Amino acid sequence: MSYTHTFAGNPLNRADSERRDEELLKRLMRHGNVRMLPFHELKPLVRRGPHAELAWIGHELLYGLPPEADEPKLLGLDHDRNPYFAIDISIVKDPSHIAALSLGASFEDGRTAATELPPNQSGILAQARSNLNWHAKHRFCSVCGTESKSFRGGLMRECPSCKSQHFPRTDPVVIMLVYRGEKCVMGQTLARSNSTFYSCLAGFMDQGESIEEGVRREVREEAGLDVGRVTYHSSQPWPFPASLMIGCHAEAISEEILAEPGEMSDVRWFTKDEIKLALEEKLKGVNIPGKIAIAHHLISAWANGTANI
Ligand SMILES: [Zn+2]
């Protein structure tokens, strides 16, 4: 079974050859059918009608911006070769006049909006949000400190002084449901210690580490358990700010949990029956992630016997 999670399934063609042509990029920004998605402090413009949708605006958006505003970043082209851009308008203190360009639209938290957007629009949102955040946080060359400049419609920055090229980062995270027979492990992070929220164990991958090694290290650090077999399940872009969640099932070969007190407030075994109740939101005192998160699908695949393990 293949999964297209929320924040994946972006239908746009990322237009690799077009974005290398700086003159063409300028023309695409003024294209009659251009669609621009503004973000204010990383919140996308979302329109609320019968359904939620990303609130695209034509190039009239650009005329209401101060000259020092960041230039739009190319997301890609649709089937009819209409160009799509995202633009960071955080420089505008009060963006209400820009929101007003689209009737019924307002700047909304991207994570909340994603649960209500059509699936492929959440993929566009993920690409746009991660890219704009990278530009906002990487204005200066990490080699010599000079302010760098965006090229390729936002897929590269180059330093005008030392000519170093810098590329948008994606941070891989391993997220795994640890199981042993008819039991599985879920944990509660310190940040959630006053809640009933439990989820899969997860952590950023280290450099020089395979996915399997990352899974085994994280499970040992967070739960004190040894893991044998690791099976890949699916992956999910997570644009807060730029992670790639690599979802796995991990078979524990030891039993005793030793939670890492500096990181986890609780880690414990759950039976398959408890997990099935939790999936139906009927397990007392325990809430698990909703369908927006890959964790939900790792848990349900194991509980429903559809995981490839
Ligand atoms: Zn430099």
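Every number in this text was worked out from the coordinates using simple rules, so none of it is lab data. Given the structure is predicted, the values throughout are model-derived calculations rather than measurements. Don't worry about glycine lacking a Cβ; one is built from the backbone with ideal geometry, like all the others, and counts go over all protein chains shown.
Can you give the percent of C-alpha pairs in region 158-300 whose distance is more than 22 Å?
Summing the P(r) tail past 22 Å for region 158-300 gives 40 percent.
Taking the Cα atoms of the chain, report the difference between the largest and smallest coordinate on each principal axis, in whole Å and largest first.
Principal-axis extents of the Cα atoms in the chain, largest first: 62, 50, 36 Å.
Over region 42-178, consider all pairs of different Cα atoms and compute the Kirkwood hydrodynamic radius from their mean reciprocal separation; express it in Å, one decimal.
Value: 16.5 Å, from the Cα pair sum.
GNM on the chain, C-alpha springs below 10 Å: top fluctuator among Trp56, Trp269, Trp238?
Highest fluctuation of the listed residues: Trp269.
May I ask you to list the aspartates and glutamates whose Cα is less than 19 Å away from that of Lys272, ignoring any residue fewer than eight positions away on the same chain?
Partners within reach: Glu182, Glu251, Glu255, Glu256, Glu280, Glu281.
Starting from the eigenvalues of the Cα gyration tensor, five times each then square-rooted, give me the equivalent ellipsoid semi-axes of region 180-261, largest first, whole Å.
That gives 19, 18, 12 Å for the three semi-axes.
Along its three principal axes, how long is region 101-159 when you only count alpha carbons? Whole Å, largest extent first please.
Extents along the principal axes: 43, 24, 19 Å.
Please report Rg (one decimal) and Dmax (integer) in Å for the Cα set of region 126-168.
Rg and Dmax of region 126-168, Cα atoms, are 9.9, 31 Å.
Given the options Glu182, Glu18, Glu218, which has the most mean-square fluctuation in a GNM of the chain, springs set between C-alpha atoms less than 10 angstrom apart?
In the Gaussian network model the winner is Glu182.
What do you get when you divide the Cα radius of gyration of region 75-135 by 2.2 N^0.38 Å, with N the number of residues?
1.21
Quick one: putting +1 on the C-beta of Lys and Arg, -1 on the C-beta of Asp and Glu, what dipole do you get for the chain around its Cα centre, in Debye to the nearest 20?
Using Cβ point charges on Lys, Arg, Asp and Glu, the chain gives about 660 debye.
Would you mind checking Lys43/Lys149; Lys73/Lys137; Lys26/Lys93; Lys43/Lys291; Lys183/Lys291 for any pair whose Cα atoms are more than 19 angstrom apart?
Lys43/Lys149; Lys26/Lys93; Lys43/Lys291; Lys183/Lys291
When the helices in the chain are scored as -39500 (n - 2.57) per DSSP H run of 4 or longer and the sum is shared across all residues, what 222 nm value do you end up with, to the nearest 500 deg cm²/dmol?
When only DSSP H runs of four or more count, the value is -6500 deg cm²/dmol.
Just the projected area, averaged over all directions, of the convex hull on the alpha carbon atoms of region 114-201: how many nm²?
Orientation-averaged projected area of the Cα hull: 9.7 nm².
When the chain is modelled as a GNM with alpha-carbon springs shorter than 10 Å, which of Gly262, Gly58, Gly228 fluctuates the most?
The residue that fluctuates most here is Gly262.
Please report the projected area of region 1-85's Cα convex hull averaged over all directions, in nm².
Across all orientations, region 1-85 yields a mean hull projection of 7.8 nm².
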